[in-house]
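Take a look at the structure below.
The values are calculated or read from the model by the stated rules, or taken from the named source; none is laboratory data. All values reported here derive from a predicted model rather than from experimental measurement. Here Cβ is always computed from backbone atoms with ideal geometry, including for glycine, and neighbour counts include all displayed protein chains.
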Amino acid sequence: MSKFFKLTWVFLKNFGQSSGKKSKSKLPKTLIFSIIMLACFAPLAISLGVGVGHLYDILASIKQPGVILAAGFSTVALIVFIFGILMVINTFYFSKDVEYLLPLPLRPSQIIGAKFAVVLFYEYLTELIIMLPLLISFGYKSSAGVIYYIYGLIVFLTLPIIPIVLDSFLAIIIMRFTNIGKHKERFKTIGALFGLGIGVGIQFLNQSFTGKHMSQDKIIDMFQQGNNSFVGVVTKIFPFSDFAVKAMINPEKAMGLVYMLLFLVVTAAFAGVFVVLGEGLYFKGVIGISEAPSQRKKLSAEEFDKTIEVSSSIKSYLIKEFRIMFRTSAYLINCVIMNFIWPLFFIPVLFNPEGFGDLKKYTVNIDNQAGGLILPIAFGVMMFIIMSNSGAASTAISREGENLFVCKYIPMSYRKQIMTKALSGIILTSISVVMFVVIAAVMFKLPITLLILMAILGFLGVIATSFIGIFIDLNFPKLHWENEQKAVKQNMNLMLNMLITAAVAALIIFIVIKLGLGMWAAFGMIAATYGVISLAIYFTISTSGAKIFSSIE
């Protein structure tokens, strides 16, 4: 057991130092970065907490407040499961430390257990954003006692375990009984797409179940019953969270303790099976993982000439950026596919004959004043989608890793390289804007003028968000990483970009709605604000960005 704890400590130390060695010159930047992160995270956490508080008042009036915890726990578990599978694959099998660990006197369960702890630690950071404000706000509104907060801490620490264990089961079994692990990128891509496919499939099944078996009258009846009767329906998204929810909504009762013990027993059972499976299969799947098949093909002079194409430097660099993002599984999932995932969750709504699907049957007549309210709200939704999919620009410098020196030798100015990297992010994230406008047009049949204004504001938001992201990554690049997953998923620059853009968007939307502006005035104010932000950062990058880029080592 002592080896397990020591190994876990070593992994966590390396995790914290994965961005490179700290030097005195970097301490001020690190301090500034931490202050900005705290300043940006605080309003987001407060807003989420306030939102939960308002929702609690509504649901408490019909005796259904437990729906908040059910939705929160199920959502967190599903997010951990979907996005944890790629991290599990990279950490368990494709990190650089694997080949050094195999010769050491360590059992498979000790190695894989320590690696599991690292994945779990990182998922706590992801969980923190949603769970902490939710638990605190719910506890405050319900006047919960000490036992509630003890249960909340236990659930916070244990909720991600089952989703990560399920991800680990998939990875261990596939690696043991197939040789696909030698095709690293292909295996990582298939594994990540499989996790995303399951997540989307659960959403489809949930929508289908609700549409077929839960009519509007039945849903209303369940809500009217009170006593948190709707909790079981919500937790169908991730059934293992049901015990945790029932324990949290009954903290002072004996049944609450029973449900908590059941949740812990189920979690411990999953963890026990994971240890046994890892002990028996991990070494058999990881040995030889560093080997890779190769294909050789002799090219004739004519074939070789066909592979050479003369084009502009910007076009060539842009193609290079896209090829790297599409060929590397971690970049493909986090920077590319994320732009296509969220619309899939609207498809069941669009085609569901009941519920929100009926909205597409009606044409909405909007005057200038109504447009002044709809436009900023639509812009807020687009900005949420944009900042969630801004990984391409926010990690553009970090993705170069220790090969950044190559950028300093190619015959292309630093300014052009930076702008081309930003352009790659703008192109990818713009896909989200186009999809949003199309879905809004289909669902609500909005006037063409309003749709055009929405699209323009969306593209301005994409440009500003991409420029902010690459400017942050220029100043705080994460270049020392063991695998590509850490360059994008464990890169706090993406989170910082999201928080800054969220704060700016929330402020401008609040001002527009508070002033009661009409559609055209609201459009002009938002467009002018984001136009100025984009131009300011563009000129900053054009002047000082090259100097910053040249000083990165």
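Restricted to helices (runs of 4 or more DSSP H) entirely inside region 481-553, those with at least 3 residues that are closer than 30 Å to Phe121 by Cβ are 484-488, 492-515. Look at (1) part of a helix (DSSP H, G or I); (2) at pLDDT 65 or above and you find that Lys298 fails only one, number (1). For beta carbons closer than 9 Å, sequence separation of 6+ or different chains, a first residue in region 314-328 that is touching a residue at least 12 places away in the same chain (Cβ under 8 Å) and a second that is assigned to a loop (DSSP other than H, G, I, E, B) and not acidic (Asp, Glu), the qualifying pairs are Ile314/Met412; Tyr317/Ile410; Tyr317/Met412; Glu321/Ala396.
Screening Ile62 with (1) modelled with pLDDT of 80 or more; (2) surrounded by fewer than 20 Cβ atoms within 10 Å (Cβ to Cβ); (3) in the same structural domain as Leu106 (by TED's automatic domain parsing) gives one miss only, at (1).
The set of residues from region 161-189 being surrounded by 23 or more Cβ atoms within 10 Å (Cβ to Cβ), of a type in the set (D, E, K, R) and at pLDDT 65 or above comprises just one member, Asp167. At pLDDT 90 or above and of a type in the set (S, T, N, Q): does that describe Thr126? So Thr126 does not fit the description; no. When you check Phe81 against the structure, is it hydrophobic (A, V, I, L, M, F, W, C) and either within 14 Å of Phe116 (Cα to Cα) or surrounded by fewer than 23 Cβ atoms within 10 Å (Cβ to Cβ) (or both), yes or no? In short, yes.
Does Glu321 satisfy the criteria of being surrounded by fewer than 12 Cβ atoms within 10 Å (Cβ to Cβ), more than 28 Å from Val512 (Cα to Cα) and at pLDDT 65 or above? Against the criterion (surrounded by fewer than 12 Cβ atoms within 10 Å (Cβ to Cβ), more than 28 Å from Val512 (Cα to Cα) and at pLDDT 65 or above), Glu321 does not qualify.
In this entry, Phe156 passes the filter for residues that are in contact with a helix residue (DSSP H, G or I) (Cβ under 8 Å, 6 or more places away or on another chain) and over 30 Å from Lys284 (Cβ atoms). A residue that is in contact (Cβ under 8 Å) with a residue 60 or more places away in the chain and not in a helix (DSSP H, G or I) occurs nowhere in region 113-133. Across region 382-395, not a single residue is classified as in contact with a Ser or Thr (Cβ under 7 Å, 6 or more places away or on another chain) and surrounded by fewer than 18 Cβ atoms within 10 Å (Cβ to Cβ). In region 249-265, the qualifying residues are those that are buried (at least 18 other Cβ atoms within 10 Å of the Cβ) and modelled with pLDDT of 90 or more, and the one that is nearest to Leu120 (Cα to Cα) is Phe263.
If I filter region 482-492 for residues that are surrounded by 20 or more Cβ atoms within 10 Å (Cβ to Cβ) and modelled with pLDDT of 90 or more, do I get at least one hit? Looking through region 482-492, none of the residues is surrounded by 20 or more Cβ atoms within 10 Å (Cβ to Cβ) and modelled with pLDDT of 90 or more.
Residues are listed down the side, and each one gets a yes or a no for (1) of a type outside the set (A, V, I, L, M, F, W, C); (2) in contact (Cβ under 8 Å) with a residue 12 or more places away in the chain; (3) under 16 Å from Asn389 (Cβ atoms); (4) assigned by TED's automatic domain parsing to the domain that holds Thr126:
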| site | (1), (2), (3), (4) |
| --- | --- |
| Phe436 | no, yes, yes, no |
| Gly461 | yes, yes, yes, no |
| Lys478 | yes, yes, no, no |
| Ala502 | no, yes, yes, no |
| Phe523 | no, yes, no, no |
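Taken over region 84-108, residues that are surrounded by fewer than 22 Cβ atoms within 10 Å (Cβ to Cβ) and within 24 Å of Leu128 (Cβ to Cβ) amount to 1.
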